[in-house]
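Before any comments, here is the structure.
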Amino acid sequence: MKKLLVALSMCAVSANVMAAGRDAINVVGSSTVFPFSTVVAERFGKSTDFKTPKIESTGTGGGMKLFCAGTGVNTPDMSNASRRMKKTEFEMCQKNGVTSITEVLVGYDGIVISNSKEASQMSVTRKELYLALAKEVPAKDGSESLIPNPYKTWKDVSPALPANKIEVLGPPPTSGTRDAFVELVMESGCNSFGWIKAMKKKDKNKYKAICHSVREDQAYIETGENDNLIVQKLSSNPKALGIFGFSFLDQNSDKLQGSKVDGKEPTFEAIADGSYPVSRPLYFYVKNAHVGQVPGIKEFLDEFTSNASMGDEGYLTDKGLIPLNKDKREKVRADVLALKPLQL
Amino acid sequence: MSDSTQKVINSLKKRHRKEKVFRAAGATAIGFGFLLVFLLITDIITKATPAFKQNWIAIEVDFQPDLLGIDGLDLTRLPKGDYRTVLRSAIFEMMPEVSGRRDKRSLFGLISSSAEFEIRNHLVANPADLGKKVTVWVKVDDDVDSYLKDDVVVGEPGIRISEKQATWIKKWVDSELIESRWNSEFFSLGDSREPESAGVKGALTGTFYTMLVTLVLSFPLGVAAALYLEEFAPKNRWTDFIEVNINNLAAVPSIVFGLLGLAVIINIFGLPRSTPLVGGIVLTLMTLPTIIIASRASIKAVPPSIREAAMGLGASRMQVAFSHVLPLAMPGIITGTIIGMAQALGETAPLLMIGMVAFIVDVPGGITDPATVMPVQIYLWADSPERAFVAKTSAAILVLLGFLLIMNSFAAFMRKKFEKRW
């Protein structure tokens with residue numbers, strides 16, 4: 001037994017020694033930023049003498065947990081996020097000794113509600129989407145009470161919409177896309193009812209329960225994190241709608257079309273200038289303490305924020321990223337290269 | 001004739017019919033199973049076929065030192081040149097009729113983004129070409145590749161090529177600049193975000209190392225445990241307790257082992273994340289119960305007469321176990337091991353927790369390099385938005401099936417070798 005313990009601890013020690021010599025950047029975090037981050041990593045690995053960074057897709061929240069666990073080569077150097085770092089996460093980082101963090105705003109991603117090109121294009125408002133998808137909706141008689149969602153077809157929601165059954169394929173609650181959809185669409189739809197909006201100040205938990213709960217009957221179908229699956233299902237069922245990131249619509253623009261939301265079509269330009277209402281920023285966070293310890297971090301940041309990648313015609317836009325405007329981009333780049341610590 | 005004989009004769013027809021029905025049902029079940037497997041395999045193979053071919057294009061590249069931005073004399077600067085500019089000017093020279101920023105951009109988009117690295121590698125391998133004009137073959141973009149393979153018309157749904165781009169491609173095809181080749185890079189490159197440069201070598205090597213660690217750890221441990229429990233251990237409450245626990249372990253969902261791996265192996269022992277070493281240890285935990293249970297069953301099946309005969313001739317218990325029981329039980333033990341390994345080969349859930357579900361480009365060189373495994377690679381490709389990854393996914397499934405087939409035939413071979421009759 002003693003021998004076994006000695007052998008085990010030897011193993012652990014030697015592994016620690018090996019880990020101390022980590023020569024590739026480790027990135028964790030959002031599955032939405034993953035496709036962009038991997039492209040930069042691959043080009044970085046090919047065009048420099050540094051090793052190709054390793055990128056894990058853990059989801060935004062999971063990534064933050066790993067990122068904020070502490071400093072040292074056994075923790076990741078960067079974390080991707082499809083929303084801004086939360087105050088609680090920032091505090092957790094501070095508590096664990098990750099005191100200096102650089103924030104990089106990469107660009108934007110639109111969330112689209114789309115259907116097969118074989119069907120006609122939908123035009124919905126956020127209020128209609130809320131009414132179609134919420135678990136409980138305000139009663140039709142205008143009184144300030146909630147009833148279980150009675151709507152079966154889109155026509156029930158609004159006479160202008162087609163008489164198709166409500167059938168929406170979307171991400172599960174663990175997904176960042178779902179978080180953003182709930183926040184940008186459901187909440188805004190919710191707020192169009194004055195008495196619910198007023199509740200936000202009085203009873204935040206109840207407000208959240210009303211606005212953030214998606215119906216659980218067959219109208220909203222959780223399709224897992226695999227956006228490709230949604231694309232396949234949409235092309236075989238023209239009556240269904242799907243919710244996913246703009247990059248998937250962009251890659252499958254021959255089969256699918258985006259629905260107009262509040263009268264705006266989800267185009268590259270409309271998302272970039274912010275007129276399309278359902279878009280969110282994409283970030284990644286860098287542990288400043290690792291700069292200089294793990295080789296290549298500065299150079300990687302330089303590559304990521306360069307015009308060739310994040311710019312208007314950079315290779316990330318080919319992958320569906322909506323770039324920042326020029327002034328903002330230059331400011332982000334300057335801040336990032338100076339490793340300006342994040343303040344929340 | 002007695003009454004009961006009459007009864008038997010009367011029921012004969014009925015009993016025969018029952019047997020016939022049962023036989024027919026069995027045959028149908030097998031036929032149905034075969035049909036499903038056949039459909040699955042044909043579907044995968046048809047989907048995978050395009051992935052084994054890749055279209056290349058010949059480009060006349062002018063390696064001008066001033067265009068590259070490097071001094072003609074200093075060869076160490078060669079890899080650092082501006083190959084993008086050189087590639088752009090080579091392509092625009094090839095198609096002088098294309099003008100305007102937008103058109104030029106969409107023309108350049110027809111070439112794989114790995115092309116600049118391909119011409120760099122060419123020059124680094126042949127430094128004598130500096131200052132000369134040479135023909136270099138580079139890959140076309142995945143959209144062009146799909147377009148050429150699928151034999152479709154522009155404007156139809158399903159195409160990401162504009163009419164203008166189609167005329168340029170047609171010109172290339174007519175002047176025989178484009179060539180479809182066997183995609184050997186699929187087996188020699190690591191992962192990539194560009195479908196045309198994505199290969200399975202990284203995942204295959206990772207799978208090999210992970211399986212190696214699993215086998216080296218779980219086989220001796222499993223067999224030793226089974227042998228001890230069957231041949232040496234006293235039968236008491238403790239061994240009963242252990243037996244129940246081993247049986248329960250076999251039914252534990254695999255993700256739980258991943259959590260254990262994260263908490264103990266990575267966080268307490270500090271082994272490096274995302275490596276085949278950690279992956280192998282976690283999968284060992286998963287395969288151990290399977291191996292132990294199968295080994296115990298096959299050790300139990302060795303007739304006691306063999307043990308008694310050996311003991312009668314004066315062999316010690318140790319000699320009986322290792323020279324007589326173990327060799328005879330070996331075929332069964334190998335079968336159990338292969339079932340356990342095949343399970344481990346298809347696992348992704350426990351690997352998620354220990355960071356092996358990751359984008360890793362470099363092919364791992366050992367068990368402590370970051371690596372991923374085949375099922376994870378298949379999952380990551382299935383999740384990528386680019387259309388060409390659909391074919392790659394199916395091709396990777398075929399490779400995984402091939403790996404499994406090789407592993408199983410090796411086991412079958414070993415089993416035949418160890419098989420002894422008594």
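Of note:
- Among the residues making up region A:180-197, those that are assigned to a helix (DSSP H, G or I) and surrounded by fewer than 17 Cβ atoms within 10 Å (Cβ to Cβ) are A:GLU183, A:GLY194, A:TRP195, A:LYS197.
- Residues in region B:244-301 that are of a type in the set (Gly, Ala, Ser), in a helix (DSSP H, G or I) and more than 14 Å from every other protein chain (Cβ to nearest Cβ): B:SER254, B:ALA294, B:SER295, B:ALA297, B:SER298.
- Boolean, B:THR28 is closer than 30 Å to B:THR393 by Cβ and not assigned by TED's automatic domain parsing to the domain that holds B:ALA395: no
- Every pair of residues 6+ apart whose Cβ atoms lie under 6 Å, when the first sits in region B:35-46 and is not assigned by TED's automatic domain parsing to the domain that holds B:LEU400 while the second is assigned to a helix (DSSP H, G or I) and of a type in the set (A, V, I, L, M, F, W, C): B:ILE44/B:ILE397
- Residue within region A:91-103 that is surrounded by 20 or more Cβ atoms within 10 Å (Cβ to Cβ), part of a loop (DSSP other than H, G, I, E, B) and either at pLDDT 90 or above or of a type in the set (S, T, N, Q) (or both) present: yes
- Of all residues making up region B:366-392, the number that are touching a residue at least 40 places away in the same chain (Cβ under 8 Å) and either over 17 Å from B:LEU345 (Cα atoms) or among the small types (Gly, Ala, Ser) (or both): 14
- Test: B:PRO331 is closer than 26 Å to A:SER79 by Cβ and in the same structural domain as B:LEU227 (by TED's automatic domain parsing): no
- Residue ranges of helices (runs of 4 or more DSSP H) in region B:1-118 with at least 3 members out of contact with any strand residue (DSSP E or B) (no Cβ under 9 Å at 6 or more places or on another chain) and farther than 24 Å from B:GLU185 by Cβ: B:3-48, B:65-68, B:101-108
- All of A:SER47, A:SER37 fail the test of being of a type in the set (Ser, Thr, Tyr), surrounded by fewer than 24 Cβ atoms within 10 Å (Cβ to Cβ), at pLDDT 65 or above and within 32 Å of the chain's Cα centre (by Cα), apart from A:SER47.
- Within region A:198-312, strands (runs of 3 or more DSSP E) holding 2 or more residues that are under 26 Å from A:ILE55 (Cβ atoms), among the charged types (D, E, K, R) and away from chain B (no Cβ under 14 Å): A:279-287
- Meets criteria (within 24 Å of B:LYS300 (Cα to Cα), in contact with a Phe, Trp or Tyr (Cβ under 7 Å, 6 or more places away or on another chain) and of a type outside the set (Gly, Ala, Ser)) for B:PRO385: no
- Matching option when the condition is within 14 Å of chain A (Cβ to nearest Cβ), in a helix (DSSP H, G or I) and in contact (Cβ under 8 Å) with a residue 12 or more places away in the chain, among B:LEU221, B:LEU204: B:LEU221
- Given (1) farther than 28 Å from A:GLU330 by Cα; (2) outside the structural domain of A:VAL182 (by TED's automatic domain parsing); (3) over 15 Å from the mean Cα position of the chain (by Cα); (4) not in a loop (DSSP other than H, G, I, E, B), index of the condition A:THR71 fails: (4)
- The set of residues in region B:158-184 that are in contact (Cβ under 8 Å) with a residue 40 or more places away in the chain, within 14 Å of chain A (Cβ to nearest Cβ) and not polar (S, T, N, Q) contains only B:ARG160.
- Residue match in region A:85-92 (condition: within 21 Å of A:SER31 (Cα to Cα) and in contact with a Cys (Cβ under 7 Å, 6 or more places away or on another chain)): yes
So that you can scan it fast, the table gives a plain yes or no per residue for (1) in contact with a Lys or Arg (Cβ under 9 Å, 6 or more places away or on another chain); (2) in contact (Cβ under 8 Å) with a residue 40 or more places away in the chain; (3) outside the structural domain of A:ASN164 (by TED's automatic domain parsing):
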{"position": "A:ILE210", "(1), (2), (3)": "yes, yes, no"}
{"position": "A:ILE221", "(1), (2), (3)": "yes, yes, no"}
{"position": "A:LEU234", "(1), (2), (3)": "yes, yes, no"}
{"position": "A:GLY242", "(1), (2), (3)": "yes, yes, no"}
{"position": "A:LYS264", "(1), (2), (3)": "no, no, no"}
{"position": "A:PHE268", "(1), (2), (3)": "no, yes, no"}
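- Identity of the residue in region B:185-201, assigned to a helix (DSSP H, G or I), out of contact with any Gly (no Cβ under 8 Å at 6 or more places or on another chain) and more than 10 Å from chain A (Cβ to nearest Cβ), that ends up nearest to A:VAL39 (Cα to Cα): B:PRO195
- Matching residues, region A:38-66, being over 23 Å from B:GLU194 (Cβ atoms), within 13 Å of chain B (Cβ to nearest Cβ) and touching a residue at least 40 places away in the same chain (Cβ under 8 Å): A:GLY59
- Reported count of residues in region A:315-330, each being farther than 15 Å from A:GLU42 by Cα, within 14 Å of chain B (Cβ to nearest Cβ) and in a loop (DSSP other than H, G, I, E, B), is 2.
- The residue pairs whose first member lies in region B:243-266 and is at pLDDT below 90, whose second member is of a type in the set (D, E, K, R) and surrounded by 13 or more Cβ atoms within 10 Å (Cβ to Cβ), and whose beta carbons are closer than 6 Å, counting only pairs six or more residues apart or on different chains, are B:SER254/B:GLU347; B:ILE266/B:ARG273.
- Among the conditions (1) within 30 Å of A:ALA308 (Cα to Cα); (2) modelled with pLDDT of 90 or more; (3) surrounded by fewer than 16 Cβ atoms within 10 Å (Cβ to Cβ), B:ALA24 misses just one, which is (1).
The values are calculated or read from the model by the stated rules, or taken from the named source; none is laboratory data. Bear in mind the structure is a predicted one, so any value in this text is a computation, not a measurement. Note: ideal-geometry Cβ built from the backbone for every residue, glycine included; neighbour counts use all protein chains shown.
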